[in-house]
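Here the structure comes first, spelled out in structure tokens, and everything after it is commentary.
The values are calculated or read from the model by the stated rules, or taken from the named source; none is laboratory data. The shown structure was predicted, so the numbers you read here are calculated from the model rather than taken from an experiment. Glycine gets a Cβ as well: all are built from the backbone with ideal geometry, and neighbour counts include every protein chain shown.
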Amino acid sequence: MTAEIQSALLSNKPTEEDEISLLDLLLVLAKHKKKIIGLPIAAALIAAALAFSLPNDYTATLKIAPSKNAPIYNWVLGNDQVKEQVAKEMKLAEHFGTKGRQATRNEMTKAVKVTLNAKDGFLDVSATDNNPEFAALLANRMGLALKDNLYGMRLLDISKQRYDLEMRRELAVKNKTKFDVLINKPDMASTIATLSAADRYGIISLAAIQAESTLQGGVSDLMQNELVRMQDQLASLQRLVVDGMKTQSSAGNTGLWIASVDALQQQAYWDALIERLDRRIELLRKQERDELKMTAAEVPDEKSGPKRALIVLLSAFAALFASVLWAFISEAIAKSRENSQSNALLGKISTAWRSK
């Protein structure tokens, strides 16, 4: 019987301790109720005053269509050189009131966000500012900077192709200019003037086919008909050269005649090559524009921040947490001072802390 009573007493002891602990907690909260209630209210009032004094923010968003090149777009938009370019053109240092390029770029990083929209897969370039018109202007200027640097830095495969063709065109223009000067020399010009219209047409047509074949990397299956015509024109040109040589040999100007015909053919070849390169370059430029599809940002008519209610709630919650924590800490310190053993321990800690 005694063992059963002892067992019952032992089984009830944790419950009693739990009840006492809970009551102790409630007692601590009750003793410091003024601070626990008053501090969150004061913090909320101060936060509300500050939050409602803040100006409204407006966010304008430029949207970039889904593309395999989205990582490249993101890199360009985050590049310091691109930011510096936009900052200078829009005088962002004056707008943000910053001194120094790094400080201006830091403010740009806060104002401009590039995010992948999970809903539609678009890349969103969002600009936030107190002025809704300026926010839209900044977002759209970032889009223009993306386009300029994307093509200028030749980051896309299609841009690299266009650049290669532009380099070939520069070389073709130099060569054409050289032969333009050559065929306009008096002796060659007078020799070329003796050619019939049919002969000149044959030479120019042959040069055009050669130019097309150069760009194709050889004659493709689609150019079989052109190949037959080129062979006929080549045969005609060969007869023209032979007949011309016979005619000019009697006059003693065979070399000049051959040089004049060759210069005319070279000039026609480079001219035809430039014309075809221009068409291909323009086509690639159109494809570049189609590759980067953007929807311009509109001027926002609704504010995006600040979230004043959230600021007030977070401030009140933080103050509540701090006041409760302070109550328990202060209560623990008070109890430790009542305990002689704890006082001795605190004294040793204080002495050790002050000692060198």
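Considering region 50-80 alone, what residues qualify as being closer than 16 Å to A139 by Cα and touching a Pro at 6+ places or on another chain (Cβ under 9 Å)?
D57, Y58, T59, A60, T61
Results for (1) of a type outside the set (G, A, S); (2) modelled with pLDDT of 85 or more, shown as yes or no for each residue.
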site: K185; (1), (2): yes, yes
site: A198; (1), (2): no, no
site: S205; (1), (2): no, no
site: E212; (1), (2): yes, no
site: D221; (1), (2): yes, no
site: M245; (1), (2): yes, no
site: Q248; (1), (2): yes, no
site: A263; (1), (2): no, yes
site: D271; (1), (2): yes, yes
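Out of (1) over 30 Å from I72 (Cβ atoms); (2) touching a residue at least 40 places away in the same chain (Cβ under 8 Å); (3) outside the structural domain of K34 (by TED's automatic domain parsing), what's the single condition that is false for S323?
Unmet for S323, out of (1) over 30 Å from I72 (Cβ atoms); (2) touching a residue at least 40 places away in the same chain (Cβ under 8 Å); (3) outside the structural domain of K34 (by TED's automatic domain parsing): (3).
Name the single residue that is surrounded by the most Cβ atoms within 10 Å (Cβ to Cβ) among those in region 282-309 being closer than 23 Å to N74 by Cα and touching a Leu at 6+ places or on another chain (Cβ under 8 Å).
For region 282-309, the residue satisfying everything is A297.
Of the residues that make up region 55-65, is at least one loosely packed, with under 10 Cβ neighbours inside 10 Å and either at pLDDT 80 or above or not in a helix (DSSP H, G or I) (or both)?
Within region 55-65, not a single residue is loosely packed, with under 10 Cβ neighbours inside 10 Å and either at pLDDT 80 or above or not in a helix (DSSP H, G or I) (or both).
Kindly indicate whether any position in region 25-35 is over 34 Å from the mean Cα position of the chain (by Cα), among the aliphatic types (A, V, I, L, M) and within 30 Å of D124 (Cβ to Cβ).
No - not one qualifying residue is present in region 25-35.
Filter region 157-188 down to the residues that are touching a residue at least 12 places away in the same chain (Cβ under 8 Å), more than 30 Å from N69 (Cα to Cα) and surrounded by 12 or more Cβ atoms within 10 Å (Cβ to Cβ) and list them by number.
Listed by number, the residues that qualify are A172, V173, N175, K176, F179, D180, L182, I183, M188.
Please tell me if N131 is modelled with pLDDT under 90, of a type outside the set (V, I, T) and under 20 Å from Y58 (Cβ atoms).
yes
Where residues in region 113-132 are touching a Gly at 6+ places or on another chain (Cβ under 9 Å) and closer than 19 Å to E302 by Cβ, which of them is surrounded by the fewest Cβ atoms within 10 Å (Cβ to Cβ)?
Among those residues, the one meeting the criterion is T128.
How do the pairs read when you match residues in region 133-148 that are buried (at least 18 other Cβ atoms within 10 Å of the Cβ) with residues anywhere that are charged (D, E, K, R), using Cβ under 6 Å and keeping only pairs 6 or more apart or on different chains?
Filtered contacts from region 133-148: A135/D129.
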